[in-house]
Amino acid sequence: MVTRMSSLFLRTLREDPSDAELPGHKLLVRAGYVRRAAPGVYTWLPLGLRVLRKVETIVREEMEAIGGQELSFPALLPKEPYEATNRWTEYGDNLFRLVDRKDADMLLGPTHEEMFCLAVKDMYTSYKDLPLTLFQIQTKYRDEARPRAGVLRGREFIMKDSYSFDIDDTGLQKAYDAHRDAYIKIFDRLGFEYVIVHADSGAMGGSASEEFLAVSPNGEDTFVRDASGYAANVEAVEVPQAAPVEVTAGPAHVEDTPDTPTIETLVAALNADHPRTDGREWSASDTLKNVIVTLVHPADEEHDEPWREPLAIGVPGDREVDAKRLEAQVAPAEVEAFEEKDFASHPSLAKGYIGPGVLGSENTSGIRYLLDPSIAEGSAWVTGADEHGKHVIDLVHGRDFTADGTIQAAEIREGDPSPTGDGTLTLARGVEMGHIFQLGTKYAEALGLKVLDENGKLVTVTMGSYGIGVTRAVGVVAEDNHDEAGLVWPRTLAPFDVHVVAAGKSDEIFTTAADLSARLEAKGVSVLYDDRAGKVSPGVKFKDAELIGVPTILVVGKGLAEGVVEIKDRRSGDRREVPVAEAVDAVTAEVASP
Ligand code: ATP
Ligand code: MG
């Protein structure tokens, strides 16, 4: 059926919506693909839904090609399974919680590991039932702290989530590799530039977790890469432990450095009052900055309530602590500021002048102290002397102070040495589009998913979990494919194959355009036909066609008097005239080309 603009449920907007930040998202709203219902919650209008369905189809086809079986879990879920895995607590404010009329706690599912695990537990008992891969394309809910960027970060969004179930690590690795290959096919078909990055620092080993990031300057995630092809999330970069160096510094000495609570003021004071003897100037990288944060750990076996722990992090003074890297290291604990009142309850801490002297669990403050791994044993530092207005010079790591361990939390910079040893790192931004993750037995253990093995012994099943942001994919494609005038869809995702515009007033124009539309549809080409009559001028129709962004536009207008129509390529702007009699074949051929 030809879709006619005169009856399509659509109102394009000339003005940018006030609540949209990103250009692609503004266009999705203006062109009538989505509408905001609440912060981070979107309605998919007919045009948008067509694009969304195309993404879903690509994802579904590739998941089925690796043997995935589709099912659908509810979004409204009972609390108990999430309590068993502690995620009822760990998810914190991100979880949408509700209470039913019988006072039972429920939630809107943020992701479904628990439910899949329990379903398999209910139905399967033997190793013969495995391997198994199940998936759904389903609505998820997360009460994101910063719903922004339109459908890129929603509070309600569609995710494809799949889960693999295997008897052993070999099986899990196979399922993981199959998903990885399927994801490559999916993202190639979706047509955006992406990188596959190591997602976390590999506490579970090797390639246990990777993310597919769409490369995008507006992305929220920063990733690094080097010339060898290594790519990683900033959170996953492992700065190598610096090798010990020979101690060359003399004994440590405490000096008066009044009014130097910041690194800049300290460096200036050092150069003015305590110049180095080797002729070089002091710089921020000679200083050791000790940052204190508060970790809020979730309740656990020993604590009924979430509990707070101060943590001190020592980094070279020319670097900040990177919030995302720190969060990744301490999860599931959350990071909060160490506030005035916290200083008040730790009198040994001299704010602005905190040094290793009072840090470390052996020491007076009792605060755990972790160092950046770039701080070599034997290296000398200027750092706080734990007294207001005083710093200590030539404090040597390993000789004069030690810490409780190291932490990968300092910011990563363009030009830092690559952990592969191969050149330096460059930084770029991306949007996480997919995540593949070897869960192992964590969920199966918590929920008791066991099957009998060949010898009749009960073994815990090992799982993988794999997500793709389906609604997010539409957002990413929109951000990547637009110009001043509107969206410019790739053929694979465009809501229609061709946009036919009847540009003029005569009956002949309308009957010809309608006839061409019908014949194109009959050939399997999907048509959006702008049949609006009356006051809608050709100019308005062209503007709407550009805004909506169907890659091929067929204009039936003035040329018809000479027996020609015009085919426009929305992407290149190229236009050519073809005889009316050849229009259907010409458009069909064009639509079939990439
Ligand atoms: P992010 O780091 O962007 O918050 P995540 O790591 O929490 O994402 P996962 O739990 O791995 O996300 O979810 C799988 C996929 O679902 C992600 O790769 C992403 O494509 C998509 N996704 C996650 N959160 C959202 C959201 N708020 N809106 C839209 N898509 C999302
Ligand atoms: Mg993720």
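The values are calculated or read from the model by the stated rules, or taken from the named source; none is laboratory data. Everything numeric here is computed off the predicted structure, so don't read it as measured data. Cβ atoms come from the backbone with ideal geometry, glycine included; neighbour counts cover every protein chain shown. Please note that ligands, DNA and RNA were not included when accessible areas were found on the heavy atoms of the full protein model with its side chains. Shrake-Rupley method; radii C 1.70, N 1.55, O 1.52, S 1.80 Å.
Just a few scattered comments:
- Counting only residues that are out of contact with any helix residue (DSSP H, G or I) (no Cβ under 7 Å at 6 or more places or on another chain), part of a helix (DSSP H, G or I) and over 17 Å from Val540 (Cβ atoms), region 485-521 holds 7 of them.
- Restricting the search to helices (runs of 4 or more DSSP H) fully inside region 14-120 and requiring at least 3 residues that are farther than 26 Å from Lys543 by Cβ gives 46-65, 80-84, 87-90.
- So Ile436, is it within 16 Å of ligand 2 (Cβ to nearest atom), surrounded by 22 or more Cβ atoms within 10 Å (Cβ to Cβ) and part of a strand (DSSP E or B): yes
- Note on region 468-484: among residues that are acidic (Asp, Glu) and outside any strand (DSSP E or B), the one that is nearest to ligand 1 (Cβ to nearest atom) is Glu479.
- Val358 in contact (Cβ under 8 Å) with a residue 40 or more places away in the chain, open to solvent by less than 30 Å² (accessible area, probe 1.4 Å) and touching a Ser or Thr at 6+ places or on another chain (Cβ under 6 Å): no
- Checking each residue in region 501-524 for being touching a residue at least 60 places away in the same chain (Cβ under 8 Å) and among the β-branched types (Val, Ile, Thr) picks out only Thr512.
- Thr248 being surrounded by fewer than 18 Cβ atoms within 10 Å (Cβ to Cβ) and without any contact (Cβ under 8 Å) to a residue 60 or more places away in the chain: no
- With respect to the conditions (1) among the hydrophobic types (A, V, I, L, M, F, W, C); (2) open to solvent by less than 30 Å² (accessible area, probe 1.4 Å); (3) part of a strand (DSSP E or B), Ile196 lacks only one, and its number is (2).
- Val267 of a type in the set (Val, Ile, Thr) and either under 32 Å from the mean Cα position of the chain (by Cα) or part of a strand (DSSP E or B) (or both): no
- Residues of region 497-530 satisfying the condition of being open to solvent by 10 Å² or more (accessible area, probe 1.4 Å) and polar (S, T, N, Q): Ser506, Thr511, Thr512, Ser526
- Lone unmet requirement of (1) under 38 Å from the mean Cα position of the chain (by Cα); (2) modelled with pLDDT under 95 for Leu528: (2)
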